[in-house]
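Visitor: My questions all concern the structure below.
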Amino acid sequence: MTTRLACLGDSLTRAQFSVDYLALLERRRPPGDVRPVRFGVNGDFAYNLLQRLDAVVADPPDAITVLIGTNDARASLAGFPIEQAMKRKKLPERPSADWFQQCLGAVVARLRAETDATISLLSLPVLGQQLDGAAAHASSSYSRMIAEVAATNRVPCLPLHERQTEELCEASPPPVPYREVTPAAAIGVLAQHAVLHRSLDTISRRRGLLLTTDHVHQNSRGASLIAEVIDAGLPVRSA
């Protein structure tokens with residue numbers, strides 16, 4: 001029996017700037033075993049995701065994964081263009097840790113109330129690859145908040161941040177300093193990919209990055225870890 005899976009998130013789920021973890025997830029399973037449906041919007045904060053749940057509950061899936069918070073975590077870092085992001089994403093207030101938790105809790109509450117789906121939250125991918133840096137600390141802090149929301153709402157929290165941290169520790173990649181991703185930088189990655197025909201993995205290697213193309217968006221190694229933790233957390237369905 002096919003599991004209908006709704007994948008909710010931001011640009012990591014939209015997969016314009018990242019390797020597509022939904023496609024990698026399908027490849028991990030027998031043909032037809034899982035049918036993932038994409039609900040990812042570039043630049044979304046948890047607040048934005050909360051505003052667009054109608055499409056999910058209108059045709060409830062069997063399972064739901066929620067991978068949101070990377071932009072909320074980035075907004076806590078020095079150098080993040082908060083004012084521009086608030087205007088672009090129509091945020092009614094300045095991003096904060098408390099507001100993130102409130103919005104994520106409201107996402108889970110609505111999904112639980114209006115679907116019978118198995119709901120799983122994912123902790124965040126590691127920001128950057130310096131585990132002692134401010135960016136990685138921010139993704140770790142927000143991942144702990146996600147775990148708290150999951151525990152409060154009695155839903156699983158899939159350990160993506162922990163898995164990526166493990167991968168970085170084992171590989172010990174070069175300590176490339178974190179740089180905030182600007183719209184121009186993101187477009188530059190797309191240009192290299194589309195015009196110069198460089199794979200996202202090639203872009204990563206040229207920059208000395210292990211899991212990402214730009215400290216945020218995932219290459220195939222980073223995306224495969226997202227697929228791995230979702231695969232391990234999917235409910236087993238009987239035929």
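Visitor: Any chance you could count how many residues in the range 165-184 are in a helix (DSSP H, G or I) and open to solvent by less than 70 Å² (accessible area, probe 1.4 Å)?
Guide: The total comes to 4.
Visitor: Another one. Limited to the range 44-90, what total is found for residues that are modelled with pLDDT under 95 and among the charged types (D, E, K, R)?
Guide: Of the residues in the range 44-90, 1 are modelled with pLDDT under 95 and among the charged types (D, E, K, R).
Visitor: Something else now. Can you find a residue that is on the phi > 0 side of the Ramachandran plot and surrounded by 20 or more Cβ atoms within 10 Å (Cβ to Cβ) anywhere in the range 89-108?
Guide: no
Visitor: For residues that are within 15 Å of Thr65 (Cα to Cα) and not aliphatic (A, V, I, L, M), tally how many sit in the range 115-139.
Guide: 6
Visitor: Still on this model: Examine the range 110-130 for a residue that is out of contact with any Gly (no Cβ under 8 Å at 6 or more places or on another chain), among the aliphatic types (A, V, I, L, M), touching a residue at least 12 places away in the same chain (Cβ under 8 Å) and open to solvent by 20 Å² or more (accessible area, probe 1.4 Å), and state whether such a residue exists.
Guide: no
Visitor: For the subset of the range 1-42 comprising residues that are among the acidic types (Asp, Glu) and at pLDDT 95 or above, which member is surrounded by the fewest Cβ atoms within 10 Å (Cβ to Cβ)?
Guide: Step by step, filter the range 1-42, then rank; the result is Glu26.
Visitor: Give all pairs with beta carbons closer than 7 Å in which a residue from the range 194-205 that is closer than 15 Å to His217 by Cβ meets a residue that is β-branched (Val, Ile, Thr) and at pLDDT 75 or above; count only pairs at least 6 apart in sequence or on separate chains.
Guide: Hits for this filter: Leu200/Val19; Leu200/Thr213; Ile203/Thr213; Ser204/Thr212; Ser204/Thr213.
Visitor: While we're here: Please go through the range 22-51 and give me each residue that is in contact (Cβ under 8 Å) with a residue 40 or more places away in the chain and not in a helix (DSSP H, G or I), ordered by number.
Guide: Of everything in the range 22-51, those that are in contact (Cβ under 8 Å) with a residue 40 or more places away in the chain and not in a helix (DSSP H, G or I) turn out to be Arg29, Val34, Gly43, Asp44, Phe45.
Visitor: Then there is this: On the given criteria, is Arg198 modelled with pLDDT under 95, basic (Lys, Arg) and open to solvent by less than 70 Å² (accessible area, probe 1.4 Å)?
Guide: yes
The values are calculated or read from the model by the stated rules, or taken from the named source; none is laboratory data. Predicted model, so just to flag it, every value in this text is computed and none were measured. Counting neighbours? That spans all protein chains shown, and the Cβs are built from the backbone with ideal geometry, glycine included. These accessible areas exclude ligands, DNA and RNA; they are computed on the full protein's heavy atoms, side chains included. Shrake-Rupley method; radii C 1.70, N 1.55, O 1.52, S 1.80 Å.
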